[in-house]
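Reviewing the structure listed below.
The numbers here are math on the coordinates, done by the rules we state, and not lab data. In this text, all values refer to a predicted model and were calculated from it rather than measured experimentally. Positions of Cβ are backbone-derived with ideal geometry, glycine not excepted, and every protein chain shown enters the neighbour counts.
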Amino acid sequence: MLEAEVLAQLQQAAEVCPLTPAQVRERLPAGSDGEELAYSTVVTVLSRLYEKGLLARVRQGRAYAYTPVADRHGLTARRMHRMMDADPDREAVLSRFVDDLSARDEDLLRRLLGGPEAPGEGG
């Protein structure tokens, strides 16, 4: 998935500086035919990621330079929030999510929420 590849390149560079579309294009691997992606394709992908709220951008000359709004884990959390927001029955979504957690993940969630571990679990 091209969006994931672009996001991965931006994540790697995030601590250094924002990247322009040309810089992102240079970092992406060539396609199976050995050809680089078209500049306009990279711009389109970056624009879509920006519109989804996954990237911030600043003007740099005639182009924008992009950086992720959060690290990889933060972006995953943002996607989870968007999915929950898309369903009007938030309680049902959370209930099903928690029901499907492993015992280990359930204990982790309890610790994160400040509650007691399940009896006989944890260490």
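Numerical summary
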{"read-out": "Candidate values (i) 14, 54, 31, 1; (ii) 11, 32, 23, 19, 13, 2, 0; (iii) 13, 45, 36, 6, 0, label of the one derived for P(r) over Cα pairs in 10 Å bins from 0, in percent", "value": "(ii)"}
{"read-out": "Charge dipole magnitude, Cβ of K and R +1, D and E -1 - the chain, Cα centre, debye nearest 20", "value": "660"}
{"read-out": "Alpha-carbon centroids, region 13-53 and region 82-100: separation in whole Å", "value": "33"}
{"read-out": "Span-rule helices in the chain, defined as complete DSSP H runs reaching 27 Å or more along the axis (Cα) with Kyte mean at least 1.0", "value": "none"}
{"read-out": "For residue 60, distant residues with modelled amide H under 5 Å away", "value": "65"}
{"read-out": "Loop chymotrypsin sites (Phe, Trp or Tyr not before Pro), region 12-118 (other Cβ atoms within 10 Å of the site Cβ: 13 or fewer; DSSP)", "value": "none"}
{"read-out": "In region 1-79, trypsin sites (Lys or Arg not before Pro) in a DSSP loop with at most 15 other beta-carbon atoms within 10 Å", "value": "52, 62"}
{"read-out": "Estimated FRET transfer efficiency (residue 101, residue 3; beta-carbon r; R0 25 Å; 0.05)", "value": "0.35"}
